[in-house]
Structures are given as structure tokens and as C-alpha cells.
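Colleague: After the C-alpha cells below, expect a handful of questions from me.
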Amino acid sequence: MSRIGYSLLIFLILVAGIQKLNAQKVTLEEARELFFTIDKSDDGALKLYKTLENADLSKNPLMLAYRGAASAAAAGSANGVREKLDFFKRGKGELDKAAGLKPLDAEIRFLRLATQVNAPAFLRYSSDINSDKSMIIKTLTNVPANHANAYLYQRICSFMLTHANLESSEKTAVNQLLVKFKSK
């Protein structure tokens, strides 16, 4: 191998190594925490999206849903109507794909619900709100109070009480779930 070829090979290896070091591996716990603090800063959603942007999530529907929710919410931080729509459409697509891959996952359905209840009406992204609410309530009703994710389920229930426009029976059920998961 010539000196130039050898130098080029070393350069490419170094670049690949640096890219690998710079690639952030976000844990599920970190994604959850970032999601629930999205509204604490103007660019919270964009920060979560950027941490997941280049990750291959084809085999991880839950993290795909977190990236989708972050992308849709990051539309508020984007510049210009086109960029806002691109962020939102990308997020909507990823949320719906994740829900299609794991339709009985309450956390994925919650992320889609949270996105739909916060989406402006003109985007017409609200068709799954009732089925998502129903599925989440039904699933969490069957989860034991001492489940490892009880703290997450408390947060989901609190969100639903304040943002999901629950009917009376849904509100009663979610309040009961909140009490159940706080008892852990």
C-alpha cells in the first residue's frame, strides 16, 4: 500500500472512531426524563430529538415513539412553516409506526396521545385519542401497583388528568390508577 493510501486509511479510521465517540447512546430512562421535561425549556423537545436523531431504532419501537414525540414537539422550535411541518410529519409517522409495531404498549400509546392532545387542531392529528386513552387505562388497570415502572405510570396518569380531556368515568379510573401507583 502506498503512503498516501495508508494515510488515507488511518484518516478514515480516525474519523469513524470520532463519529462513534460523538454518537450519543440514550437510555430509555434518559429519554423518559427528557420527555417529561420537554416543556421546561424552549428547546427541550429539540434536545430530545437531537439525542435520538441518528439512532437506528428500527428494532426498538418504544425509542422510535420517543423520537417521534420529540420530533413532533420540536416543530414548535423549528424555523419557518416548512421546517415545522417537516418535524411534525416525521414525528407523526414515527409515532404511528411504533404504535403499529406494538399496538398494546401503553407507553407508546401514551406518547402518541400526548402528541395528539397537544397538536394544533388544523394538523388534524386526533383520530386515535379515544382509543389511546381507553387502551392506556385498560392496560394500567391490569398492572400491579408495585411494578418497576410505577413512577412512570404515575406521570402518565397525572398527564392524562390535566391534558387528555377525560370523560367522567375515565377521570375516575385514572384517579384510581394514580392512587394505586402512588402506594408503591
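Colleague: In the stretch 128-144, what residues are loosely packed, with under 13 Cβ neighbours inside 10 Å and either touching a Gly at 6+ places or on another chain (Cβ under 9 Å) or not in a helix (DSSP H, G or I) (or both)?
Modeller: Once the filter is applied, which keeps residues that are loosely packed, with under 13 Cβ neighbours inside 10 Å and either touching a Gly at 6+ places or on another chain (Cβ under 9 Å) or not in a helix (DSSP H, G or I) (or both), the stretch 128-144 yields Asn142, Pro144.
Colleague: Does the stretch 81-104 include one or more residues that are in contact (Cβ under 8 Å) with a residue 40 or more places away in the chain and of a type in the set (D, E, K, R)?
Modeller: yes
Colleague: Spot the failing condition for Arg124; the list is (1) of a type outside the set (Gly, Ala, Ser); (2) surrounded by fewer than 15 Cβ atoms within 10 Å (Cβ to Cβ); (3) in contact (Cβ under 8 Å) with a residue 40 or more places away in the chain, and only one is missed.
Modeller: Just one mismatch for Arg124, condition (3).
Colleague: Among the residues of the stretch 108-123, is any among the β-branched types (Val, Ile, Thr), over 23 Å from Leu177 (Cα atoms) and part of a helix (DSSP H, G or I)?
Modeller: no
Colleague: Right, next: Any residue in the stretch 50-76 that's closer than 16 Å to Glu29 by Cα: show its pairings with residues that are part of a helix (DSSP H, G or I) and of a type in the set (Ser, Thr, Tyr) at Cβ separation under 6 Å, as long as the two are six or more apart or on different chains.
Modeller: Every condition considered, the pairs that remain are Ala69/Thr115; Ala70/Tyr49.
One line per residue, one yes/no per condition, for (1) modelled with pLDDT of 95 or more; (2) on the phi < 0 side of the Ramachandran plot:
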residue: Leu62; (1), (2): yes, yes
residue: Tyr66; (1), (2): yes, yes
residue: Ala69; (1), (2): yes, yes
residue: Gly80; (1), (2): no, no
residue: Glu83; (1), (2): no, yes
residue: Leu104; (1), (2): yes, yes
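Colleague: Just to be sure I understand the filter: pairs with C-beta atoms under 6 Å, separated by 6 or more residues or on different chains, first member in the stretch 139-155 and farther than 17 Å from Glu170 by Cα, second member part of a loop (DSSP other than H, G, I, E, B). Which pairs pass?
Modeller: Listed pairs, sorted by first residue: Ala145/Ser183; Ala145/Lys184; Asn146/Lys184; Ala150/Lys184.
Colleague: Anything in the stretch 146-169 that is more than 23 Å from the chain's Cα centre (by Cα) and either at pLDDT 95 or above or part of a helix (DSSP H, G or I) (or both)? List them, or say none.
Modeller: Listed by number, the residues that qualify are Glu167, Ser168, Ser169.
Colleague: So if I check each of Arg82, Arg109, Arg67, which one is of a type in the set (D, E, K, R), within 18 Å of Gly44 (Cα to Cα) and out of contact with any strand residue (DSSP E or B) (no Cβ under 8 Å at 6 or more places or on another chain)?
Modeller: Arg67
The values are calculated or read from the model by the stated rules, or taken from the named source; none is laboratory data. All values derive from a computational prediction rather than experimental measurement. FYI the Cβ positions are ideal-geometry reconstructions off the backbone, even for glycines, and counts take in every protein chain you see.
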